[in-house]
Amino acid sequence: MSLRPSMLQRRPACRLLTALTTAVGAVVLAVVLPAEPAAAQGISITGPANGAVGELLVFEAQASGCAAIAGGWTWFTDGAQATGPTSTATIQLSWAEPGIKGVSAVNLGCGGAQGSASVEIFDSGRIELVGSAAAFAENAGTVTLAARRTGGSVGAASARFTSADETATAGADYQSSTGLLTWADGETGDRLLSLTLFDDLAYEGDETFLVSLSDPQGGAQLGAVRETRVTLLEDDPPPGDVVRFAQSRFTSDEEADFASVVVTRGSALAGEISVQFTTEELSATPGADYEETTLTLTWADGDVAPREVLVPLIGDSLVEGEESVDLVLFDPSPGAFLGEPAFAELALLDDDAAAGSLQFVTTSRSISEADGTVTFEVSRTGGAAGAVGVSVVRLGGSAGPEDATLLTESLAWQDGDDSDRQVEIVVLDDEQPEGTENLIVGLSAATGGAVLGSSSQAELEIVDDDSASVSLLAFADAGRSVGESSGSVTVTVVRSGSLATPASARAITQDLSASAGLDYVAIDRALAWPAGDGTARSFNVTLLDDDLVEGDELFEVILTDLEDAGLGAPSAMSVEIVDDDVGLSQIRFASGAVEVGEADGELDLVVRRTGSLELDASVRVTGQPATASVPADFLAPSQTLEWEAGDGSDRIYTVTLVDDQLVEGSESFVVRLDQFVNSQPGSPAQVTVELLDDDTPPAGAIGFAASSYTASEADASIDFELVRSGGDSGTASVLLEIVPVEAQPGSDYLTPQSLQLDWDDGEDGSRTFAVPLVDDDRIEPLETLRTRIVATSGAALGARRVATGTVFDDDLAFGLCPDGQPLALCLNQERFAVEVSFRTAGGVSGEGRPIGLTTDSGYFWFFEADNVEIFLKVLDGCSINQNYWVFVTGLTDVEVELTVTDRISGASKDFSSPLGTPFEPVLDTAAFPFCDEAGAASTTSSRHRPDDPSRRSHRASAVLGATAALAPTPSCPPGAPDDLLCLVEGRFEIAVDWNSDLAAGPGRPLELTRDTGTFWFFEPDNLELLVKVLDGCSINQHRWVFAGGLTDVATRMVVTDTADGTERIYESPLGPPYEPVLDIEAFDCE
């Protein structure tokens, strides 16, 4: 507890008589007593009893009983001499730090007399705007800026904000705003201020106005950022005529003579126009799969008919899979401009025979242990081209080698053979009462181009025939269903088999979808039977009724700690708690934002009902203009949508779009839900529809030439290329913004003096935007920054509006080999060199690019620096099994060849993954049996290694420092849990829990790139799990989740899309290697 005066009321002067420091637990009490006027030997000092950091405070000295000299005063503060006045006894002071401050004064005319006083200084903080610049589209409506109070929080504080014109005009472009932002005593953080923007139909270019802070109150001071310049981005382009591909993806069978590609013209405003068309190589090969095609497409004045381009195809008999050709529109004639898409893909569908997929015909069998032999059939389907094979492996289960032997270790098929093969298992009979056991076998490492089917595992249940001599405990019911208001549910455990000895067990509850303490009361009940007692035991589990609409939930009761008894069937009892609460439906739109062309005719919006369906429900849908108008641009009449009880199907609300000949630019309107009956608003309850005009500016478009760029920090700069294409009429310019990600301004790069690039009238082509780099001596991971087009003038925005720059560290870092091998990753004190090569289905091959993370671990990327493909570590296991261990996982299905070389012994080991198959994890704990004195340091496996800070390398400290400090990753919002990984600008949140046979806990995250991160479990420089979230919306309308692990502990990973709250859960059991996750349908694209 700290006793301090209020900042709102000044006290009389006081002096610090005594400081009593009394430790009671963690409480320290400082007592400040009222003071008499300080008058030591004729001098007294008066002044305020308290004040704020930075506040100017006035103190006055008075002399009595001595002849004070007017210019002879000297002042001291906390023992340091202060500058004194020459003609008055008053001094003004301010302090930069809080605390009790002393003030004293002497005068040459009063001998040794000295006066003193004290004042308590509080820190009331600083108030500043968040960011000195902001940009919004002029049609954004209501937008927000933020002001932040940081530092101290003593006392209430406030500051006033005010807007002021620059090139934007209040009342025409925005609403003039002023207001008071307040913080209560003890509060810090952000306060939002709202600004209203006015859209118009005039093309004015970007405009700006200022928002500034003033008049701080309550002792708070204004911080460094006192003014924000707001840029209104022009959304009203001048007129034009646009050509584009009819769609972004075209398909054709490879055996067809020609592939048809369609190019459209949006309007006929520019008279006669033309555009160039060409094909470019992607995965398909010109001359082998198609003929290169380049031609000119022309339209006469008034002609808006689509143009068909026929691309000649070349068929073959090779099994290649789908291949692609890049289609490009370029060099439009004056008055014509490129629209979206100006690039398209032509997919050539392979019609040749495939090697097929291999899978179990039956995935489960049951056999008595006395029956001897059992077989599982394996089929080859979907193709029989070429010789193929597959390994059969033992994956786990409770049955050991003493219970069952796997006789078949591999299967093979010849070219054209698709008959079934058999996996033979011999079951060994014994006389041990063991209860029912199981064996899980799997197919692995398919060869010859074959892939594993969905049924790549099979389970054999082995029924014990020695149960008569042992007591068996089981539940009387496998499951019960009870209402949540029933009060309790009765559980009965029965005993069978031998009753010759006493028997006991514990019955415990486990959460499934129900939660102990919220839905039921957990139990841990001891059950015992004396010898000869075969009666059942019953007990009740209490149910907790609530008023929440939760749906039906489950928990289970299991038996554990069995003594002198085996587990019979059923071995668990599930309890379903039937929800008896009635809730309201939630009604929402399927998407909160839609883009549509004005020539599309109609727009169908999906209205979705979720939650309780027990009542009839209805809602009204209405359309309202924003910048688009009725009836000139759209028609959206009010309509009531109705659902009967039990009906959860979607409803469609149709908006009629009006295609005019006016060049208006993009316009918008809003469709809202209201008048809810037996329902409530879901999210989103309104849709913003952007109506895309089919005309573009006559001066072309400006965009980035590529989406990513790279440089070494030793380079003078990282260069981004911007291209003006589709027209060169008039002058044009682009305004850029640098957005720091891992790379930070000042320490990693410098902001260029000019953020604008210009093109003269008649000029097109490229310009270079160079961002100067700072070459430091710090060991850092790769760092990224983004360059974004804020606005264009005289030209439209191109397809690529954002580009990512990746800067590679050139300082000595882990993973670099001492002999300068640029494509090798050297691990474990540089003893082991790792090299990776890859080959895609389209024949593209290359070497993986290494990135070291710690002394033991690193990764390789193939195509883009921020797309991690192979993740591995080499561990010293000499103290455990006299071997060095190699753990590898991959987030790819391309062909991979990986070689690990011991640079001391010269031994090497190869690992490979075939094309088209998810990368099988490698947990090789006998990779290199060459332990010497230097390599025999004490190390334990990832399941048992404790966290020893002394073992952490400098690299781990540099790369993993934020993780070791238990902080959320940088992309997470303020206040996020410290075990959360946030990817893709914070949209996807990922949490991992692990459980070994000795311990459990949350995974600790590290963000590697924008879409990739890793987790450690036991110590920061021992990385265990890798995950990335990719945007596959242009391929299959889904976002993908890929994950791989270098561990065999049990894990549970939850990936949440914060845009709509959707969750995906991925679990891996304890014991087997982590099975890679390649989920290409994880989240819908909206």
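Taken together, the values in this text are just the output of simple stated rules run on the coordinates, not laboratory data. Remember, predicted model here, so these are calculated numbers, not experimental data. Positions of Cβ are backbone-derived with ideal geometry, glycine not excepted, and every protein chain shown enters the neighbour counts.
Residues whose amide H lies under 5 Å from that of residue 283, counting only those 5 or more places away or on a different chain, are 324; hydrogens are built 1.01 Å from N in the peptide plane.
Going by average Cβ density within 10 Å per residue, which order do the peptides 665-677, 762-774 take, highest to lowest? List each step's numbers first, then the result.
Numbers: 665-677: 18.4, 762-774: 15.1.
In decreasing order of mean packing, 665-677, 762-774 become 665-677, 762-774.
Computed over neighbours whose Cβ is under 10 Å from that of residue 766, the net charge equals 0, Lys and Arg +1, Asp and Glu -1.
For residue 418, the shell of other residues with beta-carbons less than 15 Å away shows a net charge of -2, using +1 for Lys and Arg and -1 for Asp and Glu.
If each residue's Cβ is checked for other Cβ atoms within 10 Å, how do 692, 518, 785, 872 rank with the fewest at the top? Don't skip to the answer; put the middle values down first.
On the way: 692 17, 518 12, 785 24, 872 27.
Lowest count first: 518, 692, 785, 872.
Protection proxy ranking, highest mean first, for peptides 50-60, 632-642: 50-60, 632-642, where packing is the per-residue count of other beta-carbon atoms within 10 Å, averaged.
For the range 241-349, relative contact order (Cα pairs under 8 Å, six or more residues apart, normalised by length) works out to 42 percent.
Quick one: what does P(r) look like for the range 701-808 with 5 Å bins over all Cα pairs, in whole %? Histogramming the range 701-808 at 5 Å steps yields 2, 13, 25, 22, 15, 11, 7, 3, 1, 0 percent.
Contact order for the chain, expressed relative to its length and based on alpha carbon pairs under 8 Å spaced 6+ residues apart, stands at 5 percent.
Taking the mean number of other Cβ atoms within 10 Å as a proxy for protection, how do you rank 984-994, 742-752 from highest to lowest?
Details: 984-994: 19.7, 742-752: 15.9.
Highest to lowest by the protection proxy: 984-994, 742-752.
Once C-alpha pairs closer than 8 Å and six or more residues apart are averaged by separation and normalised to the residue number of the range 160-299, the relative contact order reads 18 percent.
The alpha carbon centroids of the range 129-194 and the range 696-761 are separated by 30 Å. Only one of (i) 819; (ii) 259; (iii) 228 was calculated from the structure for volume of the Cα convex hull per residue in Å³, and its label is (ii).
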